[in-house]
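Below is one structure, written out as structure tokens; the observations come after it.
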């Protein structure tokens, strides 16, 4: 990376910052790694697996960053999920110091049992390598009430008790991302793996999950090579699952 972050583009209203950036990449108007697009309002903010990201206009942090992790092979793309999740975790832990902050696999960030941030990454692959990635991040900053169907959203203002400056939040969040992305570019994979695993929500704790439409009692024990979640089911042994196979019961 020659400069990160690079140009920051501020937009009032957009469907989603990921969609906008992907469109601009397609037309050639955005091409430099480190470019950031941030919006006051997203009308159709997205989360993983077609989930909707609720965000009150002007109250939260919603942005996307263009990265070009060409040093990663296509099968290593989950490392990008790890470093982005860890960067958001680093940022949140600076603000919320009295509560447990964890990464809910694969890349939501939780304060206790409430979701404070979500990540959506769109990867474009060329051959066996990543060509570029559009990393979308949403963090609940100053929103005090949520009206959507999500059962457990929380916001940083619940702990700060006062509104945070969104531009200052963006600057610090990007600094955290730059540090973690630098680890990735330098090949510090052991550190990334260790930090991510130790930060996993409900690691080595027995809880209920929905696995292939069946309620099971299990505990998270680790990650497989390509990012699949590993669990041990009481009395049945170990399983590996992807995002569409497992649901946390919270």
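What to note about this one:
- Looking only at the stretch 11-29, and only at residues there that are under 22 Å from the mean Cα position of the chain (by Cα) and in a loop (DSSP other than H, G, I, E, B), the one that is surrounded by the fewest Cβ atoms within 10 Å (Cβ to Cβ): 15
This table checks each residue for (1) at pLDDT below 95; (2) closer than 27 Å to residue 248 by Cβ.
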residue: 21; (1), (2): no, no
residue: 37; (1), (2): no, no
residue: 45; (1), (2): yes, yes
residue: 54; (1), (2): yes, yes
residue: 70; (1), (2): yes, no
residue: 78; (1), (2): no, yes
residue: 81; (1), (2): no, yes
residue: 96; (1), (2): no, yes
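- Filtered by the rule that a residue be in contact with a helix residue (DSSP H, G or I) (Cβ under 9 Å, 6 or more places away or on another chain) and either within 19 Å of residue 23 (Cβ to Cβ) or surrounded by fewer than 22 Cβ atoms within 10 Å (Cβ to Cβ) (or both), the stretch 113-125 gives 114, 120, 121, 122, 123, 124, 125.
- Subset of the stretch 171-226 (residues that are more than 30 Å from residue 133 (Cα to Cα), in a strand (DSSP E or B) and touching a strand residue (DSSP E or B) at 6+ places or on another chain (Cβ under 8 Å)): 206, 207, 208, 209, 210, 215, 216, 217, 218, 219
- Number of the condition not met by residue 41 [criteria: (1) assigned to a strand (DSSP E or B); (2) under 30 Å from residue 224 (Cβ atoms); (3) at pLDDT below 95]: (2)
- Residues of the stretch 218-250 satisfying the condition of being loosely packed, with under 12 Cβ neighbours inside 10 Å and under 14 Å from residue 81 (Cβ atoms): 225, 226
- Any pair with Cβ under 7 angstrom, 6 or more apart, that starts in the stretch 15-27 at a residue that is under 14 Å from residue 63 (Cβ atoms) and in the same structural domain as residue 67 (by TED's automatic domain parsing) and ends at one that is modelled with pLDDT under 95 and assigned to a helix (DSSP H, G or I): none
- Residue within the stretch 221-229 that is more than 30 Å from residue 34 (Cα to Cα), in contact (Cβ under 8 Å) with a residue 12 or more places away in the chain, outside the structural domain of residue 80 (by TED's automatic domain parsing) and more than 22 Å from the chain's Cα centre (by Cα) present: no
- Residue within the stretch 189-203 that is surrounded by fewer than 17 Cβ atoms within 10 Å (Cβ to Cβ) and on the phi > 0 side of the Ramachandran plot present: no
- Test result for residue 197, within 16 Å of the chain's Cα centre (by Cα) and modelled with pLDDT of 95 or more: yes
The values are calculated or read from the model by the stated rules, or taken from the named source; none is laboratory data. These figures come from a predicted structure and were not determined experimentally. A quick note on method: Cβ atoms are made from the backbone with ideal geometry, for glycine too, and the neighbour counts reach across all protein chains shown.
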